[in-house]
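Since every read-out is calculated from the coordinates, none of them should be taken as a lab result. The structure displayed is predicted, hence computed values, not measured ones. As a convention, Cβ positions derive from the backbone with ideal geometry for all residues, glycine included, and neighbour counts pool all protein chains shown.
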């Protein structure tokens, strides 16, 4: 039996034991230990011998595509769901499309321009069940997806639910947490003193001091200070300890809506984070591009050189919610803040037009900024 088969066998045994165990307060400790053991084994399965520290670099290595533009999105989905046609429709980049599976064998990049932003779109090869274990070059596909600001899961509208669940499971197994925020938990390892545990909110999802200690013991953490600032599950706590999770927004793109009925489309409309399109006929691509823009939290800030009109053709694109002038300056050049005096700001964030602002002023979409240097 190979190492992979042995690990899969252990995982299956532990999952079977979890399934047999009744869920109540008395079994919380046991279930927490089982979850920690499964998480460690899955991490070893994905990252190779030695766990995350030894194998992550190689296991998560994606296709060698250099980043360009203001943001990056990845098209993920099963073979023959229309990713290549969608790339062509969005960017004009030709990616071979055909009626047979695995037409795309490597990563094809293209650039979409929207609201002045240059958005890099990656057409990734189709993934299959078992991708996290590297079936069908799955690790390269998902490894590249980890580098994206947004994952666009492309689904065939004729069979979306089955494919959606498989893709979510593969992304989850590879440490990608879609449409989630990192848990507000702080873990500080110490040289001595045992496990310190604080709850700043009431825990109702299964976490308590005993579960925390059992999980830490499984990860050979004997001394640490743990502070929980929100109600979390045991799985989320394990994610924090693992420390290699990627929290990425995800949008589900239901393609080929020209092949389904209005009634079927109404059913799909009940699902969250979804946009219906037809890449072949270029239907509803405007809504898709607007959703991509919103999910990536992109803002346009226009620069205004002294004595000149604002440059509306080439905005500075920022991703943060409520970015400051300091973040704007650093996006332009890291050395600007050393000479920064103040800034004139026109737009929604200004109380009057213009407003003299310091580095901590929060900007809004389509603000105009003129930097005034010292001296």
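Here are the numbers for the structure shown:
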| read-out | value |
| --- | --- |
| Label point distance in nm, residue 22-residue 319, each placed 7 Å from Cα along Cα→Cβ | 4.8 nm |
| Extension gain (nm, one decimal) between residue 355 and residue 200, 0.36 nm per residue minus Cα-Cα | 51.8 nm |
| Net length gained if the chain between residue 169 and residue 106 were fully extended (0.36 nm per residue, minus Cα distance) | 20.5 nm |
| Convex hull volume per residue in cubic angstrom - Cα atoms of the stretch 166-317 | 209 Å³ |
| Using a Förster distance of 45 Å, the FRET efficiency for residue 4-residue 306 (Cβ separation, nearest 0.05) | 0.10 |
| Calculated FRET efficiency for the pair residue 290/residue 179, C-beta based, R₀ 30 Å, to 0.05 | 0.95 |
| Whole-angstrom Cα spans of the stretch 274-362 along principal axes, big to small | 52, 25, 23 |
| Residue-averaged [θ]222 nm for the chain, counting only DSSP H segments that reach four residues, each worth -39500 (n - 2.57) | -10000 deg cm²/dmol |
| Residue 210 paired with residue 93, simple spin-label distance in nm, labels 7 Å along Cα-to-beta-carbon | 5.4 nm |
| Approximate spin-label separation residue 68-residue 267, in nm, with each point projected 7 Å along Cα-to-Cβ | 4.2 nm |
| Relative contact order, percent, the stretch 299-373 [alpha-carbon distance under 8 Å, six or more residues apart] | 38 percent |
| Cα Rg over Rh - the chain, Kirkwood | 1.02 |
| Equivalent ellipsoid semi-axes - Cα gyration tensor, the stretch 146-229, angstrom | 36, 14, 13 |
| Extension gain from residue 365 to residue 247, taking 0.36 nm per residue of separation minus the Cα-Cα distance | 40.1 nm |
